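Some notes on the structure that comes next.
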Amino acid sequence: MRKPLIVVTGVDPTAMQATMASLVWALPDVVAIRHVIEPITQQLSRFVSSMHGSEDTATIDLQHACVGCAVREDILPTIHRLAQEPEWKTIVACLPVSAEADHLCATIARDPQVSRYVRLASVISTVPGEGAVDHLLDSDWLGESGLQTGPGDPRSVGEAACAQVEYADLIVSMGAISDVDGDFISALMRPTAEFVPGIENIDVEALTSGRHSSREAHAWRNPRSEYKLPNLGESRAWRIDLSSTRPFHPERLVDEIQGLSGRFRSRGCFWVPTRPSMANTWEGVDGQVSIGQHSEWDPDTPLTRLILTGVGCAPNGVHTVFGNLLLSNAELQREPGTWLTSEDGLEPWLGDIPYAA
């Protein structure tokens, strides 16, 4: 019988460890694994514990201080090993601070040796109780707080935290939470996920009996997805869905990108005529925007779509800015070959144009 695996993610170490400790006390015959990445020394520390105390500790030298190496070198092998030990009925894996769970989940799904013993039951995203909105919209760089997963981690605290909330099956706050904070979390998470205010309110039986759906999680998180957004109703949060089949003009995007930033969460995808086959990602939090390559469009139809989510008053003018960034009718009618160029100004974020000489 496969053993349920619960994955704990977060950007607040206190909330993560409190959630892990609560699960250890609430679940029978459970073993917990916590990993810590040290970006400077490029080491991975492992801590295994149960209700009886510490079971195992180790330090592993990584070739590269990154989540992928951590999963491959020790996180997955440790889960595999403990799943085969008869004394444990449930496994809780607390990932390194700010690490997303999608890499581990995908690796388990692809590895028949591990999935033979483990059933991925749930992915948890932990957030602070008081000030959850401020945490999720924190524009400080992870490296400034020592929360990065590697020396070159370019993400902000809020970008990492929002991505975890959007991917998780269960979002849990450490203690009481305000209505505004709760509404913002509910607007970010996918419709099939659950939000629980307070670690003590987690339904551990439902947690272990569930099954994480990577397909649903990726459909909600995938910037290329046409996932239909539910109505927020009487929520204190707001959401704006900007979508077009037209590409962004590369020069206007560079010059006017800040027009689509502000104290809100933004995510999505876009394309530019100078790189017509490339699907690009958009991740933004509190005035900061990060763009990068995602994949090739083929066979999908190129799409430019940004989803903005926030609380309070929705920003004015974002529809106009979005429309101005798109190609005009006259620009769309230009011959495709006229967009062929060796540089478009997006090289610092998207790299060199693939077909440029």
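Filtering segment 294-311 to residues that are surrounded by 15 or more Cβ atoms within 10 Å (Cβ to Cβ) and assigned to a strand (DSSP E or B) leaves HIS294, SER295, THR304, ARG305, LEU306, ILE307, LEU308, THR309, GLY310, VAL311. ASN231: closer than 24 Å to GLY158 by Cβ, without any contact (Cβ under 8 Å) to a residue 12 or more places away in the chain and out of contact with any Leu (no Cβ under 9 Å at 6 or more places or on another chain), yes or no? Answer is no for this residue. Of all residues in segment 47-60, those that are assigned by TED's automatic domain parsing to the domain that holds ALA93 have Cβ atoms under 9 Å from Cβ atoms of residues that are among the basic types (Lys, Arg) and surrounded by 12 or more Cβ atoms within 10 Å (Cβ to Cβ), 6 or more apart or on another chain, in PHE47/ARG34; VAL48/ARG34; SER49/ARG34; ASP56/ARG46; THR57/ARG46; ALA58/ARG46; THR59/ARG46; ILE60/ARG46. Please verify whether segment 237-259 includes one or more residues that are without any contact (Cβ under 8 Å) to a residue 40 or more places away in the chain, of a type in the set (Phe, Trp, Tyr) and touching a Ser or Thr at 6+ places or on another chain (Cβ under 8 Å). No, segment 237-259 contains no residue that is without any contact (Cβ under 8 Å) to a residue 40 or more places away in the chain, of a type in the set (Phe, Trp, Tyr) and touching a Ser or Thr at 6+ places or on another chain (Cβ under 8 Å). Which one is nearest to GLU226 (Cα to Cα) among residues in segment 328-357 that are in a loop (DSSP other than H, G, I, E, B) and hydroxyl-bearing (Ser, Thr, Tyr)? Selected residue: SER328. Comparison of CYS105, CYS69 shows that the only residue that is in a helix (DSSP H, G or I), under 21 Å from MET189 (Cβ atoms) and assigned by TED's automatic domain parsing to the domain that holds LEU23 is CYS105.
Evaluated against (1) in a helix (DSSP H, G or I); (2) within 17 Å of the chain's Cα centre (by Cα); (3) not aliphatic (A, V, I, L, M), GLU144 falls short on exactly one condition, (2). Any residue at all in segment 312-327 that's outside any helix (DSSP H, G or I) and hydroxyl-bearing (Ser, Thr, Tyr)? The answer is no; no qualifying residue exists. Of the helices (runs of 4 or more DSSP H) entirely within segment 178-273, those holding at least 1 residues that are farther than 28 Å from ASP134 by Cβ occupy 204-209, 214-221, 250-256. Applying the criterion of being of a type in the set (D, E, K, R), out of contact with any Cys (no Cβ under 8 Å at 6 or more places or on another chain) and farther than 22 Å from ARG263 by Cβ to the residues of segment 222-238, the residue that is surrounded by the most Cβ atoms within 10 Å (Cβ to Cβ) is GLU226.
Enumerate the pairs (first residue in segment 164-177 and under 18 Å from ALA219 (Cβ atoms); second residue anywhere and of a type in the set (Lys, Arg) and not in a loop (DSSP other than H, G, I, E, B)) with beta-carbon separation below 8 Å, excluding pairs fewer than 6 apart on the same chain, so at least 6 apart or on different chains. From segment 164-177, the pairs are GLU166/ARG221; GLU166/ARG267; TYR167/ARG221. Within segment 302-320, the residues that satisfy the criterion of being within 26 Å of the chain's Cα centre (by Cα), of a type in the set (Val, Ile, Thr) and over 23 Å from GLY351 (Cβ atoms) are ILE307, THR309, VAL311, VAL318. Residue count for segment 187-206 under the criterion of being touching a helix residue (DSSP H, G or I) at 6+ places or on another chain (Cβ under 8 Å) and more than 28 Å from ARG236 (Cβ to Cβ): the result is 1. Can GLY150 be described as surrounded by 20 or more Cβ atoms within 10 Å (Cβ to Cβ), touching a residue at least 24 places away in the same chain (Cβ under 8 Å) and part of a loop (DSSP other than H, G, I, E, B)? When the stated conditions are applied, GLY150 passes them. Would you confirm, using the coordinates I've provided, whether CYS162 is buried (at least 22 other Cβ atoms within 10 Å of the Cβ) and either in a loop (DSSP other than H, G, I, E, B) or under 17 Å from the mean Cα position of the chain (by Cα) (or both)? Spelling it out, CYS162 is indeed buried (at least 22 other Cβ atoms within 10 Å of the Cβ) and either in a loop (DSSP other than H, G, I, E, B) or under 17 Å from the mean Cα position of the chain (by Cα) (or both). Answer yes if at least one residue in segment 83-94 is polar (S, T, N, Q), at pLDDT 95 or above and assigned by TED's automatic domain parsing to the domain that holds THR208, and no otherwise. Yes: one or more hits. If you go through segment 10-58 and pick out every residue that is on the phi < 0 side of the Ramachandran plot and in a loop (DSSP other than H, G, I, E, B), you end up with 9. Of all residues in segment 80-100, exactly one satisfies the criterion of being part of a helix (DSSP H, G or I) and either free of Cβ contacts under 8 Å to residues at least 12 places away in the same chain or crowded, with 24+ Cβ neighbours inside 10 Å (or both), namely ARG81. Just one of the numbered conditions (1) within 22 Å of the chain's Cα centre (by Cα); (2) crowded, with 16+ Cβ neighbours inside 10 Å; (3) not aromatic (Phe, Trp, Tyr) is not true of PRO191: (2).
The values are calculated or read from the model by the stated rules, or taken from the named source; none is laboratory data. Since we're looking at a predicted model, the values are computed, not measured. Cβ sites come from the backbone with ideal geometry, for glycine too, and all protein chains shown count toward neighbours.
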